[in-house]
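Quick notes on the structure that follows.
The values are calculated or read from the model by the stated rules, or taken from the named source; none is laboratory data. In this text, all values refer to a predicted model and were calculated from it rather than measured experimentally. All Cβ positions, glycine included, derive from the backbone under ideal geometry; neighbour counts span all protein chains shown. These area figures cover heavy atoms from the full protein model, side chains too; ligands, DNA and RNA do not enter into them. Shrake-Rupley method; radii C 1.70, N 1.55, O 1.52, S 1.80 Å.
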Amino acid sequence: MRITLGYAGAQKELSVYANTRQTVVREAAGLPRPLFVLPNGAGLGYGLFLLDEESATYLLGNMSRIGDALTRGAAWVTLWDNVLEGRIAAGTFIDAALRALPEESDEQNTQRVLAYMSRAFWRYLPQEDRVARAPAIEAALRAGITRAQTTSQKSAWFSAFRDDVLTADGVGWLERIWRREEKIPGLPFVETDEIVMAMELAVREAPGWQQILETQLDRTQNPDRKARFAFVMPALSADAQVRGAAFERFRTLENRRREPWVSESLAYLNHPLREADAERFIRPGLELLAEIQRTGDIFFPSNWTGSMLWGHRSPRAAAVVNDFLAKELQYPERLRWTVLSSADDLFRAAALSAR
């Protein structure tokens, strides 16, 4: 590994070959005490690196002081892994991201941290915390859109806003963008962008959500996109019965032929904003998995379970998955791995919420 020792305005890297339970880094003897120790500072390490409390605290509060973009990227990966392990709270990570992102100059780091922040927001924060944090997050994301210098940067910031917006003011602004009443200088939108905006508005039950969907359907010119949008529309309904029927159609093979359409529908059926109602889909969805493997593409089982479980974080949902696996003693090992992999965030979030 290449271990990075961080000092004020400087870094020192040490090459370390670790082949025992404990490795003494003799080259570090006599060096000043560092502000942080990053085991995978050069991005070469592959695994889980648990940060000591002092290093984690410094990195969370001072990421913009690290001059090297690769080291910052490696640090963000390590901090995120420590969030997954429950050593850093999701809210603490989000706060650190909001402080550091305005100073981040590397576009890849920006995109990665925005993705981590969104994942923390939806999968590791309870709904009441999301609502409390939403105004500050949305303000920061809109400021990022304005500040971004390139179209790709503006797109990354806007996509994060579109996916995470919760407040009435934020939803209203997104709707005005979708209606073409407001523009973002330097960020043009195409048909696919407007389709996603319409779906995100509908799942948030924006006023007139049904009309928004119907308007978008009429507005869509590409025939394949139009057919896909029409297929997904029932999964976006505010009516629980309509959503239930949208799920039930997946029991028929003919309705599963367009697998990306099915995965997108399933993801919206199980959106975090519909989490409580969507728990009813987990067991029947798992029961369909063996058939899906027999009749679908090689990647469909993982896409199916990932879309079905992504919006869940409750101990109840985790118990449904565990109960299914416990009773299916002869379940194919490959499918068991698929379920466990897709349920990883669910299991972690449920364990944290149960503390």
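The table below lists the values:
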| item | result |
| --- | --- |
| In the stretch 71-105, the residues that are of a type in the set (S, T, N, Q), more than 20 Å from Leu125 (Cα to Cα) and in a helix (DSSP H, G or I) | Thr71 |
| Index of the failed condition, Pro135 passing every other in (1) open to solvent by less than 10 Å² (accessible area, probe 1.4 Å); (2) modelled with pLDDT of 95 or more | (1) |
| Qualifying residue in the stretch 294-303 (condition: in contact with a Leu (Cβ under 9 Å, 6 or more places away or on another chain), surrounded by fewer than 18 Cβ atoms within 10 Å (Cβ to Cβ), in contact (Cβ under 8 Å) with a residue 24 or more places away in the chain and polar (S, T, N, Q)) | yes |
| Any hit, the stretch 194-207, residues being over 19 Å from Arg274 (Cβ atoms) and either surrounded by 15 or more Cβ atoms within 10 Å (Cβ to Cβ) or of a type in the set (Val, Ile, Thr) (or both) | yes |
| Pairs, first part of a loop (DSSP other than H, G, I, E, B) in the stretch 234-263, second modelled with pLDDT of 95 or more, C-beta under 6 Å, six or more apart | Ser237/Arg243; Ala238/Glu205 |
| Selected residue (only one of Ala319, Ala290 is within 23 Å of the chain's Cα centre (by Cα) and open to solvent by less than 60 Å² (accessible area, probe 1.4 Å)) | Ala319 |
| Residue count, the stretch 45-60 (criterion: open to solvent by 70 Å² or more (accessible area, probe 1.4 Å) and of a type outside the set (Asp, Glu)) | 4 |
| Residue match in the stretch 278-286 (condition: assigned to a helix (DSSP H, G or I), out of contact with any helix residue (DSSP H, G or I) (no Cβ under 8 Å at 6 or more places or on another chain) and open to solvent by 60 Å² or more (accessible area, probe 1.4 Å)) | no |
| Glu214 vs. criteria crowded, with 20+ Cβ neighbours inside 10 Å, more than 23 Å from Leu84 (Cβ to Cβ) and of a type in the set (D, E, K, R) | no |
| Whichever residue in the stretch 149-163 is in contact with an Asp or Glu (Cβ under 9 Å, 6 or more places away or on another chain) and farther than 24 Å from Thr220 by Cα and, among such residues, is surrounded by the fewest Cβ atoms within 10 Å (Cβ to Cβ) | Thr150 |
